[in-house]
Amino acid sequence: MQEVKKQFDNLSDEEKKEFLKSISPELAKICKENPMEMMENFMPVFMDMMPEMMTMCMQMMQDSKMDMSQMMSMMMNMNNKKEND
């Protein structure tokens, strides 16, 4: 596993993004198979990201003059699109 991590660390930021996109279907499958375990493993990461994500969402809402119901609708549409892909 350390060798895989080392290879990942050596990628450019753009390559890392592409790699993460390429494995996201498998990650989603693993999450669906055992959501509680995945939440336990990744909750610290998500909690660390939360302030930045909230700031970005609020800024996006403000920039587009979007209210919370519109934001939730957009997020649900994105989720539905992923499920249909």
Problem set entry | Backbone HN-Hα couplings from phi across segment 62-71 [Karplus 6.51/-1.76/1.60, Hz, Gly and Pro as x] | 5, 4, 9, 6, 9, 9, 4, 5, 5, 4
Exercise. Say R0 is 22 Å: what FRET efficiency, to the nearest 0.05, do residue 9 and residue 49 get from their beta-carbon distance?
Worked result: 0.70
Seminar exercise, completed: Counting lysine pairs in the chain that sit 8 or more positions apart or on different chains, with Cα atoms under 27 Å apart, gives 27
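Every number here is computed from the coordinates shown, using simple stated rules; none is lab data. Note that the coordinates shown come from a computational prediction; the quantities given were computed from them, not determined experimentally. For neighbour counting, all protein chains shown are included, and Cβ atoms are generated from backbone atoms with ideal geometry for every residue, glycine included.
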